[in-house]
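Remarks on the structure that follows.
Readers should treat all values here as calculations from the given coordinates under stated rules, not as data from a laboratory. Here the structure is a predicted model, which means the values were calculated and not measured. No Cβ is skipped: glycine too gets one built from the backbone with ideal geometry, and neighbour counts run over all protein chains shown.
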Amino acid sequence: MDALKQQLKELLVEHLNLKDVKPEAIADDQPIFGEGLGLDSIDALEIIVMLQQHFGIRLTKADNGPQVLATVNSMADYITTHRK
Amino acid sequence: MALFIHGIGSVDPAPALGHAPEPAEARAGNRLHAIEPNYLDFIDARASRRMSRIVKMGIAAAVQAVRGSGGGPVDGVVAGTGWGCLEDTVAFLQKLVVNGEDMLSPTSFIYSTHNTIAAQVAYHLKCRGYNNTFSHRNISFESALIDAQLLAHEQPAQRLLVGGIDELTDTSFTVLSRLKTFKSQQPGGPLDELYDQGTPGTWAGEGATFFLVSGEAGPTARAQLLAVRTVSFGTPEKAAAVARQLLTANQLTWVDLLITGENGDQENDAAIQRFATDFGHSGPVHKFKHLCGEYPTASAFALRLGAELLAGTESTPRPADIPRTILIYNRFQQQHQSLMLLQAC
Amino acid sequence: MGVAVTGVGIICALGTNQDEVMASFRAHASGIGPAQHLPTRHRDDYVFGEVPLSNAALAAQQGLPARLSRTILLSHHAAREAYASVPATLREEQRVGFISATSVGGMDKTESFFKDYVQASTAGDLRQVINHDCGKSTDFVAEKLGIHDFVTTISTACSSSANAIMLGARMIESGQLDIVVAGGADPLTRFTFNGFNTLMIVDRQQSRPLDASREGLNLGEGAAYVVLMRADLAAASGANVFCQLSGFGNTNDAHHQTALSDDGEGPFLAMTQALAAANLQPADIGYVNLHGTGTENNDLAEGAAIRRIFGEAVPKLSSTKSFTGHTLAASGAIEAVFSALAVRDGLMFPNFSFATPVEGPALRPVQQFHVDTSVRHVLSNSFGFGGNCSSLLFSRA
């Protein structure tokens, strides 16, 4: 699980081009949108594609995206449950 | 309807005109590339994380132009780009084709539209005023200038950013090379070997040049654009006739300096000779495309050169007599022709 | 001085000329349906506002080669129809401009080129990629129509052709031109369809702007042009005057690359400027042709701006994109044609379907195509990526 979270953090920094953020500086339960990491709706769409590419997870509008994408913890949980 | 130039910002292959770039610095074969600044001086890392190179070049040039004018608010942004945001366009196209219309992400698409540069400049400066983008081949920048001139006529006090921006990418260079746009010989000597080779083709270039302009003079004005005109589907002689009309309309009988858009292509340059002959200019002539290469908005670079010559800026090679009037004539192959008439302030 | 609209040309999913398009509205027949010509793998999963003609058929109608980009074929089709209203004597004696708009240029051809190019950089048919730049279609059509006094192309995403019409009017008002053919064209492409789809704002069903059940836009295609003429020249030459272009506004929302601000500041400023330029009050407006894409963000932002300007006294309004799809750079001109007809003939264009208003702005669109000859002034909105917001105001001559 920790390895998955670390991988997620590295992928976030790489895919979203967060040059000013070190992966290890992202806390597992830190909100990544809004005030937290300062990401926005475009980043959410990028993360959805990232999850599809790296974990084969297809999130649709019906999948309660905001909750799934809220933190590294919530993404890791979702991946663990839904990964084929 | 004169437009006064109060500030100039440019990211191009010749940042300091007085020191023409060394071949190693800005030239790779028949390709000149922009010398880029440290973008952190203009945009913070977080704000620029999705921006492609052309958007960063545009913002840096726009911010330089505002700073050059002494700062202050901007009331509108008008941009011209012949090629648009190629890097993002190609990135999205590539993924579209390779991934078979699947697993596509939005960023390169939403930054691929031609208006992204003017939009991001407006966003960066929080400018809610007039905003427009022209994309019409080699008169994209002139179209933007014509729009800015209308705006200044409508409300002279407005401070407007007007610019020409084009980026060269590996893909566009490859495709344009296959279309035989560029010279096949690899240059190695001085930059002005671009000219007088009697061969087809030119060198590739790129650049982002913004001007802070207004309809009012004031102490910061460095030069004034008296007129800008485009000539479509016409001969060089027709353009020369239009140039003479522009002079007459501005109570001029000659100009001190002619700046022309020779690009080394024998046919293009022969047409420019026809223009010069018909126009009847007997004074000095400057060329500029050996400094910036050929690209659709290279005329923005020429306007920068002209304005800096008129202002007598220190970084510019001063001619013996600093000119008071300059006519810029540009063309690219069989496309459009353009004229810009400049006067010192 | 005044600028008159004296001719229109249109091609979209509703028909290939003004008469066909109006017949579709009278029959309440939308142009939204499965794509027959767009070569996308998502063809069976989405609906489109496609012009119901292949490139070959479009080309044959105009006596043009079928290898041209769809952008050129659409643009020339509509521009030719518009320019036919201008007599030869005026074409020769007056200063005429052609100002076109497109967001993707010859992207349909570039896509074909790229399919081979990604395999090897020496592959791909160069005759396709030479159509790529936005100016290509404009130059082709201008030369065909014989217009050369001024030619340019505007590309501000979905507000492009509204800005083309605005520039045309300003060049006439400043005395630089007498007649301008202004509008725009965009074809359906995989590039734009997949692009909008990455934003998850494409509805799989027919779009439902202003309705609480809306889920996004349908992509469409088409072209439209209006003929703008110096008002005194229009009167002197006995032109068929549809209306005056009495005002316009161009602003930037400066909020986000793709989304409008919650309070619709950019749209509010654009409409406010248009009203001020025409010296009119909100109560003078009889109909608003909304940008109305059918996305959640557009409905809320444009709705907020409408409420800020009109309060409770909202005029008749609708989004014709539920009939045509979102035609991107062409949409401002297509809707300018509808607006010109709304002023001249009192035609009130409906939404295709509507049941429940959106919470918040709670706007109720026109639901039946009908005639209301009391309408004297019509606003038309066009907003785009990059925060570009434009409004045009058309008034009875």
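Quick notes
- Binned Cα-Cα distance frequencies in the stretch C:164-265 - 10 Å width, integer %: 12, 27, 30, 21, 9, 0
- Beta bridge orientation in the stretch C:112-253: antiparallel %, DSSP, nearest 5: 90 percent
- Debye-sum result for the stretch C:39-178 in log10 I(q)/I(0), which assumes one identical scatterer on each alpha carbon, at q = 0.10, 0.16 Å⁻¹: -0.41, -0.95
- Across chain B the C-alpha pair distances fall into 20 Å bins from zero in the proportions 32, 59, 8, 0 percent.
- Annotation: the stretch C:1-79 has a Kirkwood hydrodynamic radius of 14.0 angstrom, from the mean reciprocal C-alpha pair distance.
- Most tightly packed first, judged by the mean number of other beta-carbon atoms within 10 Å of their residues, the peptides C:221-233, B:118-130 read C:221-233, B:118-130.
- Taking the number of Cβ atoms within 10 Å of each Cβ as an exposure proxy, the fewest-first ranking of B:Arg222, C:Arg91, A:Arg58 is A:Arg58, C:Arg91, B:Arg222.
- Coupling constants for the stretch B:113-122 follow from the phi torsions by the Karplus curve (6.51 cos²θ - 1.76 cosθ + 1.60, θ = phi - 60°), and in residue order they are 6, 4, 7, 4, 5, 4, 5, 6, 5, 4 Hz; glycine and proline get x.
- Pairs from the list A:Lys5/B:Lys95; B:Lys56/B:Lys95; B:Lys238/C:Lys136; A:Lys19/C:Lys115; B:Lys95/B:Lys289; B:Lys287/C:Lys109 with a Cα-Cα gap above 30 Å: A:Lys19/C:Lys115; B:Lys95/B:Lys289; B:Lys287/C:Lys109.
- Cα gyration tensor, chain C - rounded (a/c under 1.5), prolate or oblate: oblate
- Amide H contacts of B:Leu32: B:Ala204, B:Gly205, each under 5 Å away and 5 or more positions distant or on a separate chain (H built 1.01 Å from N in the peptide plane; Pro and chain starts excluded).
- Cα coordinate range in the stretch B:218-276, projected on the principal axes (Å, largest first): 43, 23, 21
- Close amide H contacts of C:Val202 (hydrogens built in the peptide plane, cut-off under 5 Å, sequence separation of 5 or more or a different chain): C:Leu217.
- Summary value for chain C: 23 percent relative contact order, contacts being C-alpha pairs under 8 angstrom separated by 6+ residues.
- Ranked B:Trp254, B:Trp83, criterion: other C-beta atoms within 10 Å, fewest first: B:Trp254, B:Trp83
- 3J(HN,Hα) along the stretch C:321-327, derived from phi through the Karplus expression 6.51 cos²θ - 1.76 cosθ + 1.60 where θ = phi - 60°, amounts to 5, 6, 9, 9, x, 8, 8 Hz, with x in place of Gly and Pro.
- With neighbour counts taken as other beta-carbon atoms within 10 Å, the residues A:Met1, B:Met57, B:Met1 rank, fewest first, as A:Met1, B:Met1, B:Met57.
- Anisotropy class of the stretch B:223-344 from Cα gyration tensor, a/c 1.5 cut: oblate
- Counting only DSSP beta bridges with both residues in the protein assembly as shown, the antiparallel share comes to about 65 percent.
- Sorting B:168-181, B:194-207 by average packing, meaning the other beta carbons within 10 Å per residue, from highest down gives B:194-207, B:168-181.
- The mean number of Cβ atoms from other chains found within 10 Å of a Cβ in peptide B:228-234 is 4, as a whole number.
- Sequence-distant residues sharing a close amide H with B:Gly7 (under 5 Å, placed H): B:Leu212
- The stretch A:3-19 residues near the modelled A:Thr80 label - backbone nitrogen below 16 Å, point 7 Å along Cα→Cβ: A:3-9
- Burial order of peptide ranges A:5-16, B:292-303 (average beta-carbon count within 10 Å, highest first): B:292-303, A:5-16
- Average Cα contact separation per residue, chain B, under 8 Å, 6 or more apart, as relative contact order %: 25 percent
- Three-way shape label, the stretch C:245-395, alpha-carbon gyration tensor, a/c 1.5: rounded
- Inter-chain Cβ neighbour average for residues C:168-178, partner chain, 10 Å: 2
- In the elastic network of chain C, a GNM with C-alpha springs shorter than 10 Å, the most mobile of C:Asn218, C:Asn381, C:Asn279 is C:Asn279.
- Each DSSP beta bridge with both residues in chain C is either parallel or antiparallel, and the antiparallel ones are about 70%.
- Over every Cα atom in the protein assembly as shown, the radius of gyration and the widest Cα-Cα span, Dmax, amount to 26.0, 81 Å.
- P(r) histogram, all alpha-carbon pairs of the stretch A:2-82 included - 5 Å bins from 0, percent: 3, 15, 31, 30, 16, 4, 0
- For the protein assembly as shown, size of Cβ-based charge dipole, Lys and Arg +1, Asp and Glu -1, in debye: 920 debye
- Cβ neighbours within 10 Å from other chains - mean over B:87-99: 4
- Simple Cβ-charge dipole of the stretch A:2-82, Lys/Arg +1 and Asp/Glu -1, about Cα centre, in debye nearest 20: 220 debye
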